[in-house]
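Read the structure below first, then the notes.
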Amino acid sequence: MVYEVALLDTKILFLLQEEVRNEYLTPVFKLITHSGDMGIIWIISAIVLSIYKKTRTIGILAFMAMLLYALIGSGFLKNIVQRTRPFDALDGLSLLTGRPSGYSFPSGHTGIAFAAAGIYLRYLPLKYGIGAMVLAGLIGFSRLYLGAHYPSDVITAAFIGSVSALLIIKLSRYINEKTNFKYNKVT
């Protein structure tokens, strides 16, 4: 099974390189990927939400979900799995962005994006939550397009990021029930 996943990962990356990459899309996906560098767009959005009383809890929950993903994905799994980046492992695969440091599995950009977007999807008005999820998906795809990650890195990170958001939502509900602290979804 691992061999089949690795083979599919490789085929998808070379398909993207040979059939999808072009001079028009490359700057767009570089911009998208850089919006996710160090989780900056998600951190800024959580800070902004945390400033306002009405959305403060949402910002805090987003920080918690991102922190949980960072501990699981970047802190634990990257160091256990130690997967080589595809541009280093696959002859002929071009990297179209600055050389990322660290290991490939799972994608930090993608996991952080889905952790925050999962919180936003649950607590912000639907149009903003869906927008956040679309941006998270585009950030994940940009990592493939640019050659920085394997598809399985991105898919796993999206899953773990989403689960991180769900766990924080469940924890928040549990705390709310135990303390009678009430806050509502922003409408």
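The values are calculated or read from the model by the stated rules, or taken from the named source; none is laboratory data. Worth saying up front: this structure is predicted, and the values here are computed from it rather than measured. Cβ coordinates were reconstructed from backbone atoms using ideal geometry, including for glycine residues, and neighbour counts include every protein chain displayed.
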- Task: Search region 34-52 for residues that are closer than 26 Å to Arg99 by Cα and pair each with any residue that is at pLDDT below 95 when their beta-carbon atoms are under 6 Å apart and the residues are at least 6 apart or on different chains.
- Result: Ile41/Ser35
- Which listed residue is closer than 21 Å to Ala136 by Cβ, surrounded by 20 or more Cβ atoms within 10 Å (Cβ to Cβ) and among the hydrophobic types (A, V, I, L, M, F, W, C), from Phe105, Phe87: Phe105
- Please find, among Arg122, Arg143, Arg173, the residue that is of a type in the set (Lys, Arg) and modelled with pLDDT under 95. Arg173
- Query: Hey, Met64 hits all of (1) touching a residue at least 24 places away in the same chain (Cβ under 8 Å); (2) touching a His at 6+ places or on another chain (Cβ under 9 Å) but one; which does it fall short on?
  - Reply: (2)
- Item | Test for Ile51: is it β-branched (Val, Ile, Thr), surrounded by fewer than 17 Cβ atoms within 10 Å (Cβ to Cβ) and under 13 Å from Tyr120 (Cα atoms) | no
- Message: Of all residues being among the acidic types (Asp, Glu) and exposed (fewer than 12 other Cβ atoms within 10 Å of the Cβ) in region 1-47, which is nearest to Leu68 (Cα to Cα)? Just the residue, please.
- Response: Glu4
